């Protein structure tokens, strides 16, 4: 079988016997044989998207020149590497704890002004201007509570306690500790208690003691990194 790419300058990809010569104009389904051929052939230029990018800038003494220069460099780099920025999905969030401030005008990307927002989601974590984490923690608690239903169903099915602990660790605890090194230190006492109530509820269902969030291995590494800093 032979495959010819949409570009006439690209060579034909041959696979066993020549049966047909379809043109490949878009990315093949992942896991398909065509997808494997795309990955190993250096002539393929089919790119769907690149990952999200975040640019962090420090504005000192109301001097925005360095920050805006970095934005321009990012735009130029994307242009030079055949990456197209989506200006409509690009946002700017300013973290400023001064009492009286005048927000600077947002920069532009490809002649399109960037929207200024008070919060945005990054890798599943909601970051807010005041750097408070209640929305993120509430979202994690809601997801964990939904998964508690399945833990109760497994208990009703009379699964062994050890298997219930494994389910809790993989499905519920992993939710509660998502990005925990980012937000736990800034969480309020009330939010930490809300998180711990999920752990206690799971203990009642399983019938075994479970480690609190601060007793998990991540905490020792977090404290050690803070001491080194």
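The values are calculated or read from the model by the stated rules, or taken from the named source; none is laboratory data. Just so you know, these numbers come straight off a predicted model, no measurement behind them. Cβ placement follows ideal geometry from the backbone for every residue including glycine, while neighbour counts extend to all protein chains displayed.
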State whether one or more residues within segment 105-120 are assigned to a loop (DSSP other than H, G, I, E, B) and modelled with pLDDT of 90 or more. no
When segment 181-198 is checked residue by residue, the ones that are within 18 Å of residue 128 (Cα to Cα) and under 23 Å from the mean Cα position of the chain (by Cα) are 181, 182, 183, 184, 185, 186, 187, 191
Please specify each residue of segment 72-88 satisfying the condition of being out of contact with any strand residue (DSSP E or B) (no Cβ under 7 Å at 6 or more places or on another chain), surrounded by 11 or more Cβ atoms within 10 Å (Cβ to Cβ) and not in a loop (DSSP other than H, G, I, E, B). 72, 73, 74, 77, 78, 79
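Out of all the residues in segment 90-104, which are surrounded by 10 or more Cβ atoms within 10 Å (Cβ to Cβ) and at pLDDT 80 or above?
Those that are surrounded by 10 or more Cβ atoms within 10 Å (Cβ to Cβ) and at pLDDT 80 or above: 90, 91, 92, 93, 94, 95, 96.
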Name, by its number, the condition in (1) closer than 30 Å to residue 103 by Cα; (2) in contact with a helix residue (DSSP H, G or I) (Cβ under 7 Å, 6 or more places away or on another chain) that does not hold for residue 179. (2)
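Filter segment 98-122 down to the residues that are under 24 Å from residue 179 (Cα atoms) and free of Cβ contacts under 8 Å to residues at least 60 places away in the same chain and list them by number. Talk me through it step by step, then tell me what you get.
First, pick out the residues of segment 98-122 that are under 24 Å from residue 179 (Cα atoms): 117-122.
Hits for segment 98-122 are 117, 118, 119, 120, 121.
Would you kindly identify the helices (runs of 4 or more DSSP H) lying entirely within segment 161-221 that contain at least 3 residues that are surrounded by 15 or more Cβ atoms within 10 Å (Cβ to Cβ)? Quick ask: steps written out before the conclusion?
Numbers: elements: 161-167, 180-183, 189-206.
Hits in segment 161-221: 161-167, 189-206.
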